[in-house]
Amino acid sequence: MDDGWTIDIDAAGDPADADEHFDDRIGEFERALEPWGGAVAASQARDHFGARFSYDTDAINPVQVLEEGLDIFHDAAIEAGLPAWQVVRCEILTYAEDDARAAADGDASDE
């Protein structure tokens with residue numbers, strides 16, 4: 001699909017909430033986001049985790065897209081058993097804008 005958005009979301013919280021299975025839960029989080037081509041990361045301090053994923057939609061309202069993206073993120077985190085931490089960063093880009101940024105970054109690294 002050519003229409004859609006790339007969504008980046010990060011959550012942060014008290015590392016005491018991250019149990020000994022935190023790394024396994026991050027793997028489950030990534031599996032839960034597979035339908036959206038998700039990639040996930042977590043800090044070694046176990047106080048942050050986040051995801052970048054694609055959301056195929058013809059919606060053009062960024063508020064709607066962000067709300068739906070947050071639902072996807074939260075549902076995947078709950079499914080994985082991750083702590084219910086505060087979202088601290090969100091970024092949404094249309095596929096076209098994401099592609100343009102990637103091309104610009106590639107051009108800059110060629111210099």
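Please identify the DSSP H helices in the chain that span no less than 20 Å along the helix axis (Cα) and have a mean Kyte-Doolittle hydropathy of 0.0 or more.
Values: long enough: 62-80 (27 Å, 0.37); 95-109 (21 Å, -0.91).
Helices meeting the criterion: 62-80.
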The distance between the Cα centres of segment 1-54 and segment 72-111, in whole Å, is 10
Fewest to most Cβ atoms within 10 Å: His48, His74 sort as His74, His48
Segment 1-102, Kirkwood Rh and Cα Rg, ratio Rg/Rh at 0.99
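Using a simple charge model, +1 on the beta-carbon of Lys and Arg, -1 on the beta-carbon of Asp and Glu, nothing else, what dipole does segment 4-109 show about its Cα centre, in debye to the nearest 20?
Numbers: 6 positive and 25 negative charges, 30 e Å.
So the magnitude is around 140 debye.
Throughout, read-outs are computed from the coordinates displayed, never taken from laboratory work. Keep in mind that what you see is a predicted model, and the values were worked out from it rather than measured. FYI the Cβ positions are ideal-geometry reconstructions off the backbone, even for glycines, and counts take in every protein chain you see.
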